[in-house]
Amino acid sequence: MKETLTRALSGALYVILLLVVLWLPNPYLFKGLFFIFGLFGVYELQKLLGLKSYLSYLIFVIFYLFFSVLDSDEYLSSSTLILNTLLVLTLLIKSLLLRDLVIVSRIPLFEEKKYLVVIFYLISSFIFITRIPFFNGDYEPLLLLGIFIMIWTNDTFAYLVGKSIGKRKLFERISPKKTVEGFLGGFIFTLIAAIILANYLPLLTLAQWMILGALSSIFGTWGDLIQSKLKRQAGVKDSGNLMPGHGGILDRLDSILYTATFAYTYLYFIKYVS
């Protein structure tokens with residue numbers, strides 16, 4: 001009973017904190033919160049990778065200050081090129097992680113190129129999370145909140161549907177409780193959430209919200225699975241103990257960390273191409 005109450009309280013505190021920060025029109029509060037999240041994330045991932053280095057923290061601080069805190073366009077004319085290069089490299093590393101999730105028993109990058117995982121799986125993900133609300137120039141935190149809501153919807157209904165009617169395992173060797181039926185249920189309800197968001201948050205069209213919802217469901221699930229595989233290779237159940245009953249910050253942000261890069265890419269596409 002005490003453990004259940006502790007889990008409920010820590011989970012509620014996390015959700016309330018995110019809701020408040022993303023509801024208030026204060027970009028500095030938002031950037032400050034995710035800077036703190038990022039520091040905890042670096043600490044937890046280094047423990048999973050067996051790294052003991054201050055270099056990862058230094059890289060995170062430099063990247064975060066340049067890409068997330070400062071308006072880098074005012075300081076460096078080639079900043080867009082640098083950001084796009086970071087985006088391409090991040091997409092490449094995440095694609096390799098996805099490939100390794102599917103076809104190999106152990107993630108080679110986890111053992112051989114640990115700093116690539118730290119930089120392009122974690123640090124750059126925080127960069128793109130913090131840039132999503134600014135994709136149109138103005139600060140629109142409700143756009144990121146909408147993505148969080150769709151990810152939470154996917155997680156919740158994937159669990160409920162999977163527990164109710166799930167029979168076929170999705171990736172049994174990585175996450176024995178995930179089922180194909182649960183994944184499909186989460187996907188459908190995420191699209192429903194996207195339709196609702198389109199009515200209340202006209203930041204995007206209905207079609208754009210639904211595509212973003214599909215991306216959130218698919219890549220959010222893959223992000224969860226990749227984080228599960230990283231923890232299995234490290235031989236731990238949770239990435240940390242920051243949130244009692246829920247694990248570490250990476251356990252709470254695994255879906256958005258993986259999804260953010262692809263969501264940002266899509267938003268970039270509809271801004272400059274469509």
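The values are calculated or read from the model by the stated rules, or taken from the named source; none is laboratory data. Just so you know, these numbers come straight off a predicted model, no measurement behind them. FYI the Cβ positions are ideal-geometry reconstructions off the backbone, even for glycines, and counts take in every protein chain you see. Side chains are part of the model used for accessible areas, which takes the heavy atoms of the whole protein and leaves out ligands, DNA and RNA. Shrake-Rupley method; radii C 1.70, N 1.55, O 1.52, S 1.80 Å.
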**Asked** Can Leu83 be described as in a helix (DSSP H, G or I), modelled with pLDDT under 90 and buried (at least 19 other Cβ atoms within 10 Å of the Cβ)?
**Response** yes
**Message:** Looking at segment 131-156, I want the residues that are closer than 15 Å to Gly32 by Cα and have a partner that is not in a helix (DSSP H, G or I) with Cβ atoms under 6 Å, at least 6 apart or on another chain. Which pairs are those?
**Reply:** Pro133/Tyr139; Pro133/Glu140
**Item:** Flag for Tyr121 being at pLDDT below 95, in contact with a Lys or Arg (Cβ under 9 Å, 6 or more places away or on another chain) and of a type outside the set (Val, Ile, Thr)
**Value:** yes
**Message:** Phe128 - would you say it is in contact with a helix residue (DSSP H, G or I) (Cβ under 6 Å, 6 or more places away or on another chain) and either modelled with pLDDT under 90 or farther than 15 Å from Leu230 by Cβ (or both)?
**Reply:** yes
**Request:** Confirm whether Tyr14 is more than 20 Å from Lys113 (Cα to Cα), of a type in the set (Ser, Thr, Tyr) and touching a helix residue (DSSP H, G or I) at 6+ places or on another chain (Cβ under 8 Å).
**Result:** yes
**Asked** From the set of residues in segment 5-62 that are open to solvent by less than 60 Å² (accessible area, probe 1.4 Å) and β-branched (Val, Ile, Thr), which is nearest to Ser239 (Cα to Cα)?
**Response** Val42
**Fill in**
When every residue in segment 133-159 that is assigned to a helix (DSSP H, G or I) and polar (S, T, N, Q) is compared, the one surrounded by the fewest Cβ atoms within 10 Å (Cβ to Cβ) is Thr156
**Item:** Selection within segment 228-274 - open to solvent by less than 10 Å² (accessible area, probe 1.4 Å), at pLDDT 90 or above and within 24 Å of Ala158 (Cα to Cα)
**Value:** Ile249, Leu250, Leu253, Ser255, Ile256, Leu257, Tyr258, Thr259, Ala260, Thr261, Ala263
**Asked** Among the residues of segment 201-215, is there at least one that is within 25 Å of Leu33 (Cα to Cα) and not hydrophobic (A, V, I, L, M, F, W, C)?
**Response** yes
**Message:** Among the numbered criteria (1) buried (at least 20 other Cβ atoms within 10 Å of the Cβ); (2) modelled with pLDDT under 95; (3) more than 17 Å from Ser255 (Cβ to Cβ); (4) not aromatic (Phe, Trp, Tyr), which one does Gly162 miss?
**Reply:** (3)
